[in-house]
Amino acid sequence: MVSILLSVGLCLAADDPNGGDPNGGGAPKDKTVKQAVSSSVKSSEKPVPRIWIGLTGSYTPLKLLKTNNSGNIADSNGDVYSATNAQGQFGGGAIVNVRLIHGFGISLGAIYRYTGYDATENTGANAAGDTFEDIERTRVKLVDFPFMVRYSGRKFNPSKHTFYELGGVLREGFGVKTTTYAVDSLYNETGPGSTFGTNYKRKVYGAVAGAGLIARDDFGIIVSPEVRYTRWMEDTFSSPIVSGLVNSNKNQLEITVSFGF
């Protein structure tokens, strides 16, 4: 009888998928598999190198210049002034990043833009009823040179892919060109026009702060979108004579995407 019971017990143990494990079986094996998968995922993530360079595309939702195109600016002679922006919200350039210690690093960049404005002075009609306008067209090339300290450490950071930046920026203007001409009511050029006394400053400085994400794909390409805010301390353009006609926007919101290696 004892031998029969032992035989039945051995058969049940052999058929038990848990192998007689009172804890449900398979736990050590499942844990080993999960650890192996986790290690495989971690090993497949390529770290961002200590020094990397790349190209940057930039877009500013806020226009670089504030211009008044309402036509409600008039002087004592009854001349009416207006102005419009010309390009400048898109830009592009290069970036260099160097990781230092304790999650800190430095980020250097150069972003090129081409912008300007078109201003008009309507001088009214003469005795014969003909109207004339003076037009001032200005274009300038701008390069922003941000210099920022970047933090991507673990403290106060929700993810290893996020970073924060704080620093300064220099805006350098060059190649400024202003042309003036006068036109009649049919926009036929009648001769040189008069300038509106708009001031231009070649170098201006600002403070910048930003935050973004950074990751490296399986091909080794670094992708880094970022949002920055810049507060300019001075104006590239200002119009003290015709107040409010053309002025630089001191608040700049910027969206950038960098690709590097």
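Rule-based calculations on the coordinates, nothing more; no lab input. Being a predicted model, the structure only gives us computed values, none of them experimental. Cβ coordinates were reconstructed from backbone atoms using ideal geometry, including for glycine residues, and neighbour counts include every protein chain displayed.
Net length available on complete extension from I241 to L108 is 44.1 nm, with 0.36 nm assigned per residue and the Cα-Cα distance removed.
Fewest-first ordering of I101, I53, I111 by other beta carbons within 10 Å of each residue's beta carbon gives I101, I53, I111.
Relative to the Cα centre, the charge distribution of region 48-260, modelled as +1 at Lys and Arg Cβ and -1 at Asp and Glu Cβ, gives a dipole magnitude of about 1620 debye. The stretch between I51 and I101 holds 16.7 nm of extra length on full extension. This uses 0.36 nm per residue minus the Cα-Cα distance.
Using the beta-carbon distance between L213 and F90 and R0 = 25 Å, what value does 1/(1 + (r/R0)^6) give for FRET efficiency, to the nearest 0.05?
That gives a FRET efficiency of 0.70.
With the simple spin-label model, which puts each label point 7 Å out from Cα in the Cβ direction, the Y200 to V80 separation comes to 2.8 nm. When peptides 211-220, 59-68 are sorted by average Cβ neighbour count within 10 Å, with the highest value leading, the order is 59-68, 211-220. Computed extension gain for H161 through F259, at 0.36 nm per residue and net of the alpha carbon distance, reaches 33.8 nm.
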